[in-house]
């Protein structure tokens, strides 16, 4: 088993610690904030920085172990950057739709123009 | 594996566990259904991160494919549930 140089282990460890901190902060914000639309913001921290840090740590670690460039963990970033906005947008539309249906006072009206008015 | 790296891995896994507990509290308490769907999506995401970190821990590439599968399943299940809440059916 080959021994990795110290700076690689330090970089991987720093990225992992950073990702853990980002994920905990985002989960704390998700628990603490009062409204659903406010609550949608902190998970973006985990979805971007949390996953990027882990993926970059994985790329660095496996590249140094196998002594060649290992880029396939990048697929995680690509998959998340495609799927997460779709899910988030759908959930935001769900929240807006249900809030409008419940008749909350400060809800913005729909932007589509009515043909019959 | 040095003590530095294994300590960082343990710290990251502990952070994910704490974050998952916080999200589960929101999942139980969540006032509306969309809070619960979003919390479930976050739980999938934390499971994916745990898979990636375990891949570093065990020096194995197999965990990466599990992480990719979890990411895809998270997208499918969350969007299906959001669509169900929005319209009352998944495929119109």
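The values are calculated or read from the model by the stated rules, or taken from the named source; none is laboratory data. This is a predicted model, so every value here is computed, not measured. Heads up, the Cβs are rebuilt from the backbone with ideal geometry, glycines too, and the neighbour counts pull from every protein chain shown.
Taken over the range B:7-29, the criterion of being farther than 13 Å from residue A:46 by Cβ and within 9 Å of another protein chain (Cβ to nearest Cβ) is satisfied by B:7, B:8, B:9, B:11, B:13, B:14, B:21, B:25, B:26, B:29.
Residue-wise test of (1) away from every other protein chain (no Cβ under 11 Å); (2) surrounded by 10 or more Cβ atoms within 10 Å (Cβ to Cβ); (3) touching a residue at least 12 places away in the same chain (Cβ under 8 Å).
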site: A:55; (1), (2), (3): no, yes, yes
site: A:77; (1), (2), (3): no, yes, yes
site: A:88; (1), (2), (3): no, yes, yes
site: A:97; (1), (2), (3): no, yes, no
site: A:111; (1), (2), (3): yes, no, no
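For residue B:32, the test of being under 30 Å from residue A:63 (Cα atoms), surrounded by fewer than 17 Cβ atoms within 10 Å (Cβ to Cβ) and at pLDDT below 90 is failed. Against the numbered list (1) closer than 30 Å to residue A:4 by Cβ; (2) at the interface with chain B (Cβ under 10 Å from one of its Cβ atoms); (3) crowded, with 18+ Cβ neighbours inside 10 Å; (4) over 12 Å from the mean Cα position of the chain (by Cα), residue A:65 comes up short only at (3).
Which residues, taken from the range B:47-71, are closer than 21 Å to residue A:43 by Cα and more than 7 Å from chain A (Cβ to nearest Cβ)?
Taking the range B:47-71 and keeping what is closer than 21 Å to residue A:43 by Cα, we get B:47-53, B:67-71.
Scanning the range B:47-71 gives B:47, B:48, B:50, B:51, B:69, B:70.
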